[in-house]
Amino acid sequence: MKTLYTNGNFITMTDQSIDWLLVENKMISDLGKGDRPVSDHIIDLEGKTLMPGFINAHMHPLPAGMEGTTIPLFECDTLEKVTDMIKRHVKTNDETFLLAEGYLSMLIDFDNKAFKIFNDISHDHPIAIKYITGHGMIVNQNVMDRLGLNHYFITGEKMSEANNLFSDQAVDGFIHKVSNEAVSKGFTTLHTLVHGELSDNRDVATWVAEEKDRQALKVQVLNFVQTMDVDLVMNYDLPRIGGCVCLDGTPIEGSAAFTEPYEDGHEAELYIKDSDLFEMVAKAHRNDMQCAFHAVGDKAVHQLIDCYQKVSDIYGKKDLRHRIEHVDLISDEKLRQAAELGLVFSVQPGIGYLYGKGFDKILGKEREKLLNSLRRYKEAGVTLAGGTDSPVTPLDALLGIHAAVHASSDLRKLSIKEALEMFTLGGAYAGHEEDLKGSLEIGKQADLVVLSDDPYEAESIKDISVEMTVVAGELVFKKE
Ligand SMILES: [Zn+2]
Ligand SMILES: [Zn+2]
């Protein structure tokens, strides 16, 4: 079938001016100005804007999927409200596993009596309540029996094991809820970071290995397995490794590693030794695998660039496009080096936009100014790929684009074109898919998004609505 899109405003990302576009067999088969070709089906865009679908270079599908299926207890301030809320789900929801989240205040006095009331909700369903901080969990007898636990309050290792029980629920939540949300926000491809977060190996097995069985999935995914184990990833036959494999933490928790101490005088340590990092990156590089690591503070970012440099010097430069996730701070010298090495910075402008206040107090005014200075990165010649780090920020490309355009300082601000590029061509490049995705060109996959307004002219980019999303020629979302 040949579908013709016409009577709209087209943003091709190649500066080509067109007024119609033809889709045939999943691909863009023709486009141009003037005379329209023959087609089986015409979609009248009614003046709306059509552009390449958005690519999200950084998101966590399983925690996002979990968030979609957990029972929100944030508003419950008594044990009774908590148990009522969970009971409703036990009745109305046929899912076997139930994970509830966000219950903190009452749990401080959670005693044996409270446990009995909680446990009596259901003896058949494994039920867990997570603390709002995510670092502790209350489980019912069913979970205790399955895991051989002798207490209902668990942390650390035991909590990972309990999380394991819920990984199918997370995959389900991603496939049936989050992926729908993604296409409703115009995403056509997600770089999905899996492993190392819900469980030991099980989430990779349920996620990566069964990928081809997941026909319900409307959005396309590119898996990044978050591990240092190169052999494991080779078994999955993936040409990339990493994601939020953390070289440091975050500034909010005081765990991002900076070359200068924090304002309160403390210093954060790097998580991985230079030699271990080198060994792993060298192995991946030798096997033609693209690498990605979470590096936030300049100490971690510089450690990673030095490692990529050393590997490239010894084993030769290859077009692998090794990535750095986040890159909150970097020196001018290392920025130049990153550009020369052809590294990709995978950035999430929505994080700073939503949570970026108060960093001057933690890091000092001068250093704060340089944080996430995307304009600097761009001018140095580094390719930027935009992401959302969901569930950290909402799955919303237009919010990320808005955030980059309206960032809080000139060093951070991108032009509208650059911001759009970051979430289209940038993501495609970061996934080695620029021949297939990221712009409207003949021979590329028909990944399209129709927007209510033109981002170049809209009053507020984040308030533009997504009207239609097409993945590989197939209409997967249409606004009611
Ligand atoms: Zn991260
Ligand atoms: Zn992340």
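The values are calculated or read from the model by the stated rules, or taken from the named source; none is laboratory data. Owing to the predicted nature of the structure, the values given are computational and were not obtained by experimental measurement. So basically every Cβ, Gly included, is an ideal-geometry build from the backbone, and we count neighbours across all protein chains shown. Surface accessibility is based on the protein's heavy atoms, side chains included, excluding ligands, DNA and RNA. Shrake-Rupley method; radii C 1.70, N 1.55, O 1.52, S 1.80 Å.
Close contacts from segment 141-154, counting a first residue that is free of Cβ contacts under 8 Å to residues at least 60 places away in the same chain and a second that is among the polar types (S, T, N, Q) and surrounded by 14 or more Cβ atoms within 10 Å (Cβ to Cβ), with Cβ to Cβ under 6 Å and a gap of 6+ residues or different chains, come to 141/119. Suppose we keep only residues that are more than 23 Å from the chain's Cα centre (by Cα) and of a type in the set (Asp, Glu) within segment 289-318. Which one would you say is farthest from ligand 1 (Cβ to nearest atom)? By that ranking, first place goes to 313. Mind listing just one residue for me: the one in segment 216-226 that is in contact with a Phe, Trp or Tyr (Cβ under 8 Å, 6 or more places away or on another chain) and open to solvent by less than 10 Å² (accessible area, probe 1.4 Å) and, of those, farthest from ligand 2 (Cβ to nearest atom)? Ranking the candidates gives 219 first. Under the condition of being open to solvent by less than 20 Å² (accessible area, probe 1.4 Å) and in a loop (DSSP other than H, G, I, E, B), the residues counted in segment 357-368 number 1. Looking across segment 254-270, just one residue is within 12 Å of ligand 1 (Cβ to nearest atom) and not hydrophobic (A, V, I, L, M, F, W, C), and that is 255. Per the conditions (1) at pLDDT 95 or above; (2) more than 14 Å from ligand 2 (Cβ to nearest atom); (3) on the phi < 0 side of the Ramachandran plot, the sole criterion not satisfied by residue 265 is (3). Looking across segment 227-262 at every residue that is under 23 Å from residue 352 (Cα atoms) and away from ligand 2 (no atom under 16 Å from the Cβ), the one that is most open to solvent (accessible area, probe 1.4 Å) is identified as 260.
This table checks each residue for (1) of a type in the set (Phe, Trp, Tyr); (2) at positive phi.
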site	(1), (2)
426	no, no
429	yes, no
432	no, yes
437	no, no
450	no, no
453	no, no
456	yes, no
460	no, no
463	no, no
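Do we have any residue at all in segment 351-359 that's touching a helix residue (DSSP H, G or I) at 6+ places or on another chain (Cβ under 9 Å), of a type in the set (Val, Ile, Thr), in contact (Cβ under 8 Å) with a residue 40 or more places away in the chain and within 24 Å of residue 226 (Cα to Cα)? Among the residues of segment 351-359, at least one is touching a helix residue (DSSP H, G or I) at 6+ places or on another chain (Cβ under 9 Å), of a type in the set (Val, Ile, Thr), in contact (Cβ under 8 Å) with a residue 40 or more places away in the chain and within 24 Å of residue 226 (Cα to Cα), which makes the answer yes. Looking only at residues in segment 233-280 that are in a loop (DSSP other than H, G, I, E, B) and aliphatic (A, V, I, L, M), which one is farthest from residue 329 (Cα to Cα)? Among residues in segment 233-280 that are in a loop (DSSP other than H, G, I, E, B) and aliphatic (A, V, I, L, M), the one farthest from residue 329 (Cα to Cα) is 238. Checking each residue in segment 457-480 for being assigned to a strand (DSSP E or B), under 20 Å from residue 416 (Cβ atoms) and more than 21 Å from the chain's Cα centre (by Cα) picks out only 467.
Of the strands (runs of 3 or more DSSP E) lying entirely inside segment 20-71, those containing at least 1 residues that are open to solvent by 40 Å² or more (accessible area, probe 1.4 Å) are 20-24, 27-32, 41-44.
Give the residue that is modelled with the highest pLDDT, with candidates limited to residues of segment 191-215 that are surrounded by 16 or more Cβ atoms within 10 Å (Cβ to Cβ) and among the hydrophobic types (A, V, I, L, M, F, W, C). Of everything passing the filter in segment 191-215, 193 is modelled with the highest pLDDT. Checked against (1) at pLDDT below 75; (2) of a type in the set (A, V, I, L, M, F, W, C); (3) open to solvent by 10 Å² or more (accessible area, probe 1.4 Å); (4) more than 27 Å from the chain's Cα centre (by Cα), residue 107 passes all but a single condition, namely (3). Of all residues in segment 356-380, those that are among the polar types (S, T, N, Q) and within 16 Å of ligand 1 (Cβ to nearest atom) total 1. For segment 271-288, check the following and say yes or no: at least one residue is within 15 Å of ligand 1 (Cβ to nearest atom), in contact with a Gly (Cβ under 9 Å, 6 or more places away or on another chain) and open to solvent by less than 70 Å² (accessible area, probe 1.4 Å). No, that holds for no residue. Looking across 383, 393, one residue alone is in contact with a helix residue (DSSP H, G or I) (Cβ under 6 Å, 6 or more places away or on another chain), within 16 Å of ligand 1 (Cβ to nearest atom) and over 23 Å from residue 48 (Cβ atoms). It is 393.
Restricting segment 319-341 to residues that are away from ligand 1 (no atom under 16 Å from the Cβ) and hydrophobic (A, V, I, L, M, F, W, C), the residue that is nearest to residue 242 (Cα to Cα) is 320.
Cβ-Cβ contacts under 6 Å between residues 6 or more apart (or on different chains), taken from a first residue in segment 293-313 that is under 16 Å from residue 371 (Cβ atoms) and open to solvent by 10 Å² or more (accessible area, probe 1.4 Å) to a second residue that is more than 15 Å from ligand 2 (Cβ to nearest atom) and charged (D, E, K, R), are listed as 302/334. Checked against (1) without any contact (Cβ under 8 Å) to a residue 60 or more places away in the chain; (2) farther than 21 Å from residue 293 by Cβ, residue 412 passes all but a single condition, namely (1). Within segment 396-452, the set of residues being of a type in the set (A, V, I, L, M), within 14 Å of the chain's Cα centre (by Cα) and surrounded by fewer than 24 Cβ atoms within 10 Å (Cβ to Cβ) comprises just one member, 399.
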